[in-house]
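Nothing in this text is a laboratory measurement; each read-out follows from the coordinates by a stated rule. Please read these numbers as outputs of a predicted model, since none were measured by experiment. Every residue, glycine among them, receives a Cβ derived from its backbone with ideal geometry; neighbour counts consider all protein chains shown.
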Amino acid sequence: MKRDQLKQKSAAWESETEAGLKKRPERKEEFQSLSGLDIKRLYTPTDLPDFDYEKNLGFPGEYPFTRGVQSTMYRGRFWTMRQFSGFGSAEETNQRYKYLLANGQTGLSVAFHFPTLKGVNSDHQLARGEVGKCGVAIDSLRDMEILFDGIPLDKVTTSMTVNHPAPALLAMYLTVAEKQGVSWDKVGGTIQNDPLKEFFAQKSYIWPPRESVKLLVDTMEFCAKNVPQWHPVSISGYHIREAGSTAQQELAFTLADGIAYVEAAIERGMDVDSFAPHLSFFFDAHMDFFEEIAKFRAARRLWAKIMKERFGAKNPKSMWLRFHTQTAGCSLTAQQPLNNIVRTGYEALSAVLGGTQSLHTNSFDEAEALPTEEAVTVALRTQQILANETGVANTIDPLAGSYHVEALTDAMEQAAVEYIQKIDDLGGMVAAVDAGYPQSEIMRASMEYQKSVETGEEVIVGVNKYIAEKESPIPLLKVDDEVERRQIERIEDTKLNRDNAKVDACLDRIRDTARSGDNLMEPILEAVREYALLGEICQSIVAVYGAYEDPAVF
Amino acid sequence: MKKYRVLIAKPGLDGHDRGAKVIAKFLQESGFEVVYTGLHQTPEQIVTSALQEAVDAVGISVLSGSHNYVFTEVVELMKAKGIGEIPVFGGGTIPEDDIPPLMEKGVKALFRPGTPLDEILAKIKEIIG
């Protein structure tokens, strides 16, 4: 059928269907995705007027990488199953890691408690009540040695979710590797180390935006020279989405952060192809199935274009958007918690159909607490069932060519391009953060979402529809308050058993280096080896860089 | 009608402020005057703000697992400062089992994830009296 004929036929079908709506109305007058994209009744080739297979999609492993970054994808091997995990003391978390590895998990992912994320010690005034509660308590190399005790660092890859203090945690990890006799060229993993989204999403910041980007470039420079298999940054949309953004904002703000980091590294004098292959990304998989798949596909295509056209990258690997996915924590409900297993399963499926490189599936009890061993096992099994039983991993990018998915992918990319243009106009992401732009966009989106839940326009099963009269409680993990006391004791003990004069000299060197503007990684490594506390290292940097304070706007 | 003043506070090192901000905005749109502390408050700072701002209620959002410590401390400190009559409420990731002991210690309302905003509003009005 010729295009014009099809267009006519399509229009005729629409008007005929519209005419029938008087008798048989649809469920709603307008259909929209979770993030507010208009969803049509039917998609046909007329929705893809400029569709060009090679230009829009290409082949897996080839520009623009819409269909995937590798040529075999999951036929080669499944995605890495990487459960984000950490609670209580290093001893307890070490046991959980060994359990997960014994049960078929293929990579580690460390969740640190808030004091570590904020660069203070467990005995800090603001840490009271939080020690070991949302992650594992790490105050010095000593805790890190316990955390990876009996886990050979040349055999696993580890992702560490930590941002402003990331250089210090990387230094601790590398020192543990040294002590295990593993050379740095055999060490693989990722530090999140994505400082800008902290100011408008996760809010675990320490120093101001410009300084935080400088420190990120220090780690990029250091890793490019010394730890070739390490990914020094995981540019993260997950927290942006969890803070209440739409899918379009998640995509756009993440790539805009990435642009800021690439610019800063180039400004340092690094060649784009020397560091770009080591950039990695992290996205949220929320409940709107096709929208999420479109987001992942659009992310790959748009980043490839940005790297090639805007930054002149030559190495195809510099254009790869490789990403980790976590199912949406904010989609979990405290009501009827077993329903969360189903939600997580669908979200995980969207991540796999979107071509993720690694995946964390949330546990059903996580609306209320960190997961129990039973709950985390179900979450891991969800991925294993998806990989081994459903057959979805047998072919690459199976939804390509779907009129709906391709149209949504285009719409998602277009929306992100517009946001990125706006951020460029503001002077880039650092300036946009200073101006409060992403902050206010996210606030607006989260308010709109909440209102749509309140009106029932957005249905959440068990919360605003199909509410249970009576709910049976589930067992929850409780972190003992004793962890705090023991951790504080360990800090005291560490201080007694180290050469404090050496530590002081190391901290002086950190301050001097921060002042001079030279790369801080070597001085931080030195301090870590002498068992300087994380809080001592970070506060030495704060002494020069200053601390960022919450503007407290809503 | 008197315009109520409410303090919305975020204690500790936790940065999860989505809930606190949505509640602050919602209460403001519902006719309240809202004072938002921003992140990283100690219990002492929260109580000091409550005193200085002469608020009618104190709301605390906790998603860090430190709710037992924070709510207990704030309620005790408010009593010690002579403002024990100002109602304290809160929300976040607070397991159901932890709610009754905190209510016994004097917290007036704790909202679990998924509580409708209208229900929160009605309850806050009720505890302010």
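Among the listed pairs A:2/A:22; A:55/A:451; A:214/B:25; A:118/A:308; A:118/A:478; B:81/B:108, those with a Cα-Cα distance over 29 Å are A:2/A:22; A:55/A:451; A:214/B:25; A:118/A:308.
Across chain A, Cα pairs under 8 Å and at least six residues apart give a relative contact order of 18 percent. Distant-in-sequence amide contacts of residue A:328, defined by a placed amide H-H separation under 5 Å and a gap of 5 or more residues or a different chain, comprise A:285. Apply the Karplus curve 6.51 cos²θ - 1.76 cosθ + 1.60, θ = phi - 60°, to the phi angles in the stretch B:31-45 and return the couplings in whole Hz, x for Gly and Pro. Those phi angles translate into x, 8, 8, 10, 10, 9, 6, x, 7, 6, 9, 7, x, 4, 5 Hz. Considering only B:64, B:30, B:20, the residue lying farthest towards the positive end of the dipole of the stretch B:5-128 is B:30, judged by Cα position with unit charges set on Cβ. Ordering A:430, A:208, A:12 by the projection of their Cα atoms onto the charge dipole of chain A, which places +1 on the Cβ of Lys and Arg and -1 on the Cβ of Asp and Glu, puts A:12 at the extreme positive end.
Spatially, the stretch A:378-415 and the stretch A:317-345 are offset by 13 Å when compared through their Cα centroids. For the pair the stretch A:82-118 / the stretch A:477-554, the C-alpha centres are spaced 22 Å from each other. Loop-located trypsin sites (Lys or Arg not before Pro) across the stretch A:461-554 with a Cβ neighbour count of 13 or fewer within 10 Å are A:470, with loop assigned by DSSP. The calculated FRET efficiency for the pair residue B:97 and residue A:403, based on their C-beta separation and a Förster distance of 60 Å, comes to about 0.75. Placing pseudo-labels 7 Å out from each Cα toward the beta carbon at residue A:3 and residue A:459 gives an inter-label distance of 3.9 nm. Short-range pairs are left out: with C-alpha atoms under 8 Å and at least six residues apart, the relative contact order of the stretch B:5-128 is 25 percent.
Spin-label pair residue A:17-residue A:271: with each label point 7 Å from Cα along the Cα-Cβ axis, the two points sit 5.4 nm from one another.
Put simply, the amide H of residue A:134, placed in the peptide plane, has neighbours under 5 Å in A:114, leaving out anything fewer than 5 places away on its chain. In a reduced charge model with +1 at each Lys and Arg Cβ and -1 at each Asp and Glu Cβ, chain B shows a dipole moment near 340 debye about its Cα centre. Scanning chain A for long hydrophobic helices, with DSSP H runs required to stretch 15 angstrom or more by C-alpha along their axis and to average at least 1.0 on the Kyte-Doolittle scale, returns A:534-545.
Note that the stretch B:112-126 has calculated 3J(HN,Hα) couplings of 7, x, x, 5, x, 4, 5, 5, 5, 4, 4, 5, 5, 4, 5 Hz, one per residue in order, obtained from phi through the Karplus relation 6.51 cos²θ - 1.76 cosθ + 1.60 (θ = phi - 60°); glycine and proline are x.
The ranking of B:37, A:116 by Cβ neighbour count inside 10 Å, starting from the fewest, reads B:37, A:116. Taking other residues whose beta carbon is less than 9 angstrom from the beta carbon of residue A:321, and scoring Lys, Arg as +1 and Asp, Glu as -1, yields +3. Averaged over the residues of peptide A:221-229, the number of Cβ atoms from other protein chains lying within 10 Å of each residue's Cβ is 0. If you bin all the Cα-Cα distances of the stretch A:171-262 at 5 Å, starting from zero, the percentages per bin are 3, 14, 22, 20, 16, 13, 8, 4, 1, 0. Counting Cβ atoms of other protein chains within 10 Å of each Cβ in B:19-25 and taking the mean gives 5.
Could you tell me the calculated FRET efficiency between residue A:515 and residue A:374, based on Cβ-Cβ distance and R0 = 41 angstrom, to the nearest 0.05? Computed FRET efficiency for residue A:515 and residue A:374 comes out at 0.20. Say R0 is 30 Å: what FRET efficiency, to the nearest 0.05, do residue A:452 and residue B:125 get from their beta-carbon distance? Efficiency, from the Cβ-Cβ distance: 0.80.
Determine the distance separating the Cα centre of the stretch B:107-126 from the Cα centre of the stretch A:195-219; give it in Å without decimals. Using only Cα atoms to place each centre, the spacing works out to 35 Å. Note on the stretch A:135-219: dipole from Cβ charges, positive end direction compared against A:175, A:188, A:146; the farthest Cα belongs to A:188. Placing +1 on each Lys and Arg Cβ and -1 on each Asp and Glu Cβ, with no other charges, gives the protein assembly as shown a dipole about its Cα centre of roughly 1200 debye. Less than 5 angstrom separates the built amide H of residue B:33 from those of B:4, B:5, B:6, all sequence-distant by 5 or more or on a different chain.
The mean count of C-beta atoms from other chains within 10 Å of the C-beta of residues in B:66-75, rounded to a whole number, is 3. Length gained on full extension, residue A:384 to residue A:500: 36.9 nm, using 0.36 nm per residue less the C-alpha separation.
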